[in-house]
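Input: a single structure, listed below in structure tokens.
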Amino acid sequence: MSGVADILVNGLALGSVYALIAVGFVVVFTVSGVMNFAHGSLLLLGGYLTAVLHPHWGFLAAVTAAVAVTAAGAGLVELVCARGRHLGQAHVLTIVTIGVDILLLAELSRLIGSDVLSLGDPWGTGVVRLGGTVIAQSRIASVLVAVLLIATLFALLRWSRWGLSLRVVTADREAATLMGVRLRRVRVSAWCVAGALAAVAAVFLAAFPTPGLDRATGQVALAAFPAAVLGGLTSVPGALVGSALIGLTEATVTSYRTHLGELGQSLGDVAPYLIMLLVLLVRPNGLLGAKETTRV
């Protein structure tokens, strides 16, 4: 029974981190129609800044600065994409984000090199024992922080003027323009929110039990991408469901890796995509995604 409990705890903790990343994918896509493939390098940027700044400023100040810079960087990426809107379709702008990702990732990889960086988080290697289950304090913190941030985001979407503007833009861009909603401001703010969430996710991806931040940490965002897709790219609740499902899948594969032989060594990397494909075969719009309507 303790093995099942370990899988549930670790899976949900991992899913909470994926949720911060997946929600960023969804928010950007619903507002601009662009799949931001620079999200992983922005996540790595936030983690790198935290690692560099924490010895001088302390952990909280370093995280705050990293979140602010990463949010600004994400907004800058949107402005770069906005300048290319004359090119037409959203898929062209998605390719632009791939180019941004390559450039940013190359520079960050050069700066990090082969080092494994510590972000100076206050949890260290501390653990909590609940019965026969051992939980890293960092994973408890990840769940609490993710719940707090996502609950705050839901509240803003529901009750703030910004949230109303974002929902109007998502529903009908032309109507939003006629109502006086400033589309560029809404798009940039949505990208900034996604960047800020990615920077926070980087802190927990580099925390114990992982050894720290390295140049491959940004690739974890690719595991959150299937979570956003299978949940439905237009649904924030769907991103949460998809993240929990991907987190539990990875925790299960990791737990039984030794029983799977050579297959288990690589199954963890492809498991999120297998789950995504299986779900999309049954529900092409994702678990909670809205069906597209076409006027004929």
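General remarks:
- Residue-wise HN-Hα coupling along the range 194-199, computed from phi with Karplus coefficients 6.51, -1.76, 1.60 (Hz; x: Gly, Pro): 4, x, 4, 5, 5, 5
- Rounded to the nearest 20 debye, the dipole magnitude of the chain is 980 debye, with +1 charges on Lys and Arg beta carbons, -1 on Asp and Glu beta carbons, and the Cα centre as origin.
- Karplus-based coupling profile of the range 40-57, in residue order and whole Hz: x, 6, 5, 4, 5, 4, x, x, 5, 5, 4, 5, 6, 8, 5, x, 9, 10, with θ = phi - 60° in 6.51 cos²θ - 1.76 cosθ + 1.60 and x standing for Gly or Pro.
- Förster-model FRET efficiency, 51 Å R0, ALA61 and LEU281, C-beta, rounded to 0.05: 0.60
- Ranked ARG185, ARG215, ARG173, criterion: other C-beta atoms within 10 Å, fewest first: ARG185, ARG173, ARG215
- Helix 221-231 vs. the chain, principal-axis angle (Cα, 0 to 90°, nearest 10): 60 degrees
- The H on the amide N of LEU119, modeled in the peptide plane, is under 5 Å from the matching H of LEU213, each at least 5 residues off or on a different chain.
- Given charges at beta-carbon only (K, R positive; D, E negative), |dipole| of the range 42-198 in Debye: 540 debye
- When each of SER118, SER160 is scored by the number of other beta-carbon atoms lying within 10 Å, the sequence from fewest to most is SER160, SER118.
- Lys/Arg +1, Asp/Glu -1 at C-beta; the range 13-218 dipole; positive extreme among ALA175, LEU148, VAL34: ALA175
- Charge-dipole axis of the range 1-129 as Lys and Arg at +1 and Asp and Glu at -1 on Cβ define it, positive-most pick from VAL116, LEU45, PHE25: PHE25
- The order of THR97, THR234, going from fewest to most other C-beta atoms within 10 Å of their C-beta, is THR234, THR97.
- Among the listed options (i) 30.1, 94; (ii) 19.1, 61; (iii) 18.1, 55, the one matching Rg and Dmax of the Cα atoms in Å as calculated from these coordinates is (ii).
- A Cβ-based charge dipole, computed about the Cα centre of the range 109-197 with Lys and Arg at +1 and Asp and Glu at -1, lands at about 340 debye.
- Placed amide H near THR234: partners under 5 Å, 5+ positions off or other chain: ALA290
Since every read-out is calculated from the coordinates, none of them should be taken as a lab result. All figures in this text were calculated on a predicted structure; none of them were measured in a lab. As a convention, Cβ positions derive from the backbone with ideal geometry for all residues, glycine included, and neighbour counts pool all protein chains shown.
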